[in-house]
Ligand SMILES: Nc1nc2c(ncn2[C@@H]2O[C@H](COP(=O)(O)OP(=O)(O)OP(=O)(O)O)[C@@H](O)[C@H]2O)c(=O)[nH]1
Ligand SMILES: [Zn+2]
């Protein structure tokens, strides 16, 4: 037994409506090769996954019966790597993430173009983009960084803090109160672990569970859905840690809706916004309604997004396994990281 209620776990009417009679709800906390560990008010349970453990994400709600995760309840939000092609394929990273904490530091890591991509990723998944600027103690004034982050979109909430200062880190608690789930993304070394330890009390960071892998060895994994001191949840998975930006077309459209509105008004549907007559984009630049730097950022994101989608589509055409495909995207994304 735990003292957690379903609503403590993040349950809501959205899920209740989907639950079939005879199924009980459980929230996925860990995904192993052939089974899931899920949290319920009666404690953690191990569930078989007849449809394959890969069709679930940490944070998912499932309908369970007879020791198996029978159905995946449609999430309210999710972080996914998307691949547009003839058929849309996606690799789920996490589900039911209310807020995506995009962690970057106030110094060398700060890169508005990359921030923009993460914000697009959050929006594509219906997660609130929360920009967390760490190492505020290492700059004289974090205000210019905050201003740049907030300029990305009116939906962005940005805060600067010293992640090592528990009281400062506690300013994130509104995003991980009861029923709320937060996930953190960002480059290595920006302070994600420091923040997680502050928010969860750090106790679970080392509390691994042991599972026999296929070769009979013990592998240690840690719980990917972790309880925060404030009563909510923090998702920390290798997938989240390694997350690089791939196909985020929807989010880019949403983030740059001013640009895409203009594009829709160009005379030619295939306008390259270079020298074509009747180009609404160039007209807006001339009148000062559109910042050329914003157009340049949109072009870059769009081009990268297209490139990634094509890479995925080609990989699929060659019948590569999903694993190999993602590895190659990650390699490509890593090469681009320094841009
Ligand atoms: N001065 C200062 N140092 C910080 C701050 N946040 C993190 N650090 C330090 O930066 C280093 C890296 O922090 P981590 O929390 O391990 O970073 P991470 O993002 O988890 O890195 P990975 O585990 O590699 O993904 C540690 O030495 C932290 O103490 C901050 O706000 N100010
Ligand atoms: Zn145009």
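The table below lists the values:
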quantity	calculated
Burial order of peptide ranges 98-111, 187-200 (average beta-carbon count within 10 Å, highest first)	98-111, 187-200
Extension reserve of the residue 283-residue 111 stretch, reckoned as 0.36 nm per residue once the Cα distance is removed	59.1 nm
Pairwise FRET efficiency - residue 21 versus residue 55, Cβ, R0 = 30 Å, nearest 0.05	0.85
Normalised alpha carbon radius of gyration of the stretch 1-121 [divisor 2.2 N^0.38 Å]	1.22
Relative contact order (percent, whole number), the stretch 13-73, Cα cutoff 8 Å, 6+ residue spacing	34 percent
Whole-Å semi-axes of the ellipsoid equivalent to the stretch 13-73 (Cα gyration tensor, √5λ, descending)	16, 12, 11
Listed peptides 45-51, 233-239 by packing density, highest first (mean Cβ within 10 Å)	233-239, 45-51
Where labels lie 7 Å past Cα in the beta-carbon direction, separation of residue 66 and residue 294 in nm	5.7 nm
Order of 116, 254 under a 10 Å beta carbon neighbour criterion, fewest first	254, 116
Neighbour-count order for 268, 15, fewest beta carbons within 10 angstrom listed first	268, 15
Distance between modelled label sites at residue 167 and residue 48, nm, 7 Å Cα→Cβ extension	5.5 nm
Spin-label model distance (nm) - residue 187 vs residue 155, 7 Å beyond Cα toward Cβ	2.6 nm
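Where a number appears in this text, it was derived from the coordinates with a stated rule and is not lab data. What you see is a predicted model; the values in this text were computed from it and never measured. Here the Cβ is made from the backbone with ideal geometry for all residues, glycine too, and neighbour counts use every protein chain on show.
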